[in-house]
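Below: one structure, written as structure tokens.
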Amino acid sequence: MSFWDNIVSYFKRYFAITTITPFDIIEIIIIAFLFYEVLVWFKKTRAWALLKGIVLILVAILIAAIFNFSTILWLASKTLSVGVIAIFIIFQPEFRKALEQLGRRRSFLHKFFTGGSSKLTISDQSIEELMAAVVELSRTRTGALICIEEEIELDEYAATGITIDSSISTQLLLNIFVDKTPLHDGAVIIKEDRIAAATCYLPLSAKQNINKRFGTRHRAGVGLSEVSDAFVIIVSEETGRISLALSGNLLEDVDSVELRNRLFELHKASESANLLGLFKKGRKNDEVQRDTSEVGNK
């Protein structure tokens, strides 16, 4: 039996099943969702052209199977396994990025069972200091790149800069980004409500759909948001406009009200995670004390 005869017989056996159970429906929904997610991922990457090419090849093979072009079918069967391996080699960066994004997705159950982040991302006072600095940098058209660490640590990028380890203050941020000062060229990384480092180097985004009027600063901000869940604030040196880089996307022309709201959302998420973590820690301590008292009574 030939390669294509095996495929045809498989489909005949599969579709011969007449009874459909609720589990089959659930399985179909899951497969449809995964197929949709794969298509969306293909659409956002340069693999979209590859997918269209694969579809054309499959159509050509189908036509060859209908007209029984044995040579074409033999070549297709021999190169199928090699072609799959070649696809993974050529598009290794895209597959790696997709797996990283999948690993960064936070579900409700994950947050509930892990208690979320145990570190305070940014406090109310730090938000006010940061807002005052960003507004002033925007007014004076001073270029700036500020990255706020969330769950994924940015230590490898902080190591490329100068360690500061200082509380967040408007004056310090303004002094860092003043033109022609030693620390102005690069990014500031905020870690656990403190300025961890300045003049840090970030990975540049390889996206082709970023507007050409944006320079290296914006591309670096988007690049970091692609490989981490960092909250990145970008101030343009040419226009003074504020942008945000989140999850690989660039949100342009953000005003001070929207920036403040997003920072407070970040603070509330961090605060709720800390409260849940403290609650679980308190319950654990109560259990330890209860076990200790029981041992003492015995």
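The values are calculated or read from the model by the stated rules, or taken from the named source; none is laboratory data. None of these values were measured; they are calculated from a predicted model. All Cβ positions, glycine included, derive from the backbone under ideal geometry; neighbour counts span all protein chains shown.
Observations, loosely collected:
- Search result, residues across the stretch 169-203 that are closer than 18 Å to Ile122 by Cβ and among the hydroxyl-bearing types (Ser, Thr, Tyr): Ser169, Thr170
- Inclusion of Leu224 among residues that are in contact with a Pro (Cβ under 8 Å, 6 or more places away or on another chain), hydrophobic (A, V, I, L, M, F, W, C) and either outside the structural domain of Leu130 (by TED's automatic domain parsing) or in a helix (DSSP H, G or I) (or both) is warranted.
- Residue count for the stretch 189-225, restricted to those that are crowded, with 22+ Cβ neighbours inside 10 Å, β-branched (Val, Ile, Thr) and touching a residue at least 40 places away in the same chain (Cβ under 8 Å): 2
- Tally of residues being within 16 Å of Ile148 (Cβ to Cβ) and out of contact with any Gly (no Cβ under 8 Å at 6 or more places or on another chain) across the stretch 163-183: 10
- Inter-residue pairs, beta-carbon under 9 Å, first on the phi < 0 side of the Ramachandran plot and in the stretch 244-265, second of a type in the set (Gly, Ala, Ser) and in a loop (DSSP other than H, G, I, E, B), 6+ apart: Ala245/Ser205; Ala245/Ala230; Leu246/Ala230; Leu250/Ser205
- With a requirement of 3 or more residues that are at pLDDT 80 or above, the helices (runs of 4 or more DSSP H) lying completely within the stretch 63-148 that satisfy it span 70-90, 124-139.
- Selection count, the stretch 232-250, where residues are part of a strand (DSSP E or B) and surrounded by 14 or more Cβ atoms within 10 Å (Cβ to Cβ): 10
- Gly186 meets each of the listed conditions (1) in contact with a Gly (Cβ under 9 Å, 6 or more places away or on another chain); (2) buried (at least 19 other Cβ atoms within 10 Å of the Cβ); (3) on the phi < 0 side of the Ramachandran plot apart from (3).
- With respect to (1) part of a helix (DSSP H, G or I); (2) under 24 Å from Asp253 (Cβ atoms), the lone exception for Asn175 is condition (2).
- Residues of the stretch 195-213 satisfying the condition of being part of a loop (DSSP other than H, G, I, E, B) and either at positive phi or more than 20 Å from the chain's Cα centre (by Cα) (or both): Asn211, Lys212, Arg213
- Every residue from the stretch 149-172 that is of a type outside the set (Asp, Glu) and assigned to a helix (DSSP H, G or I): Tyr157, Ala158, Thr170, Gln171, Leu172
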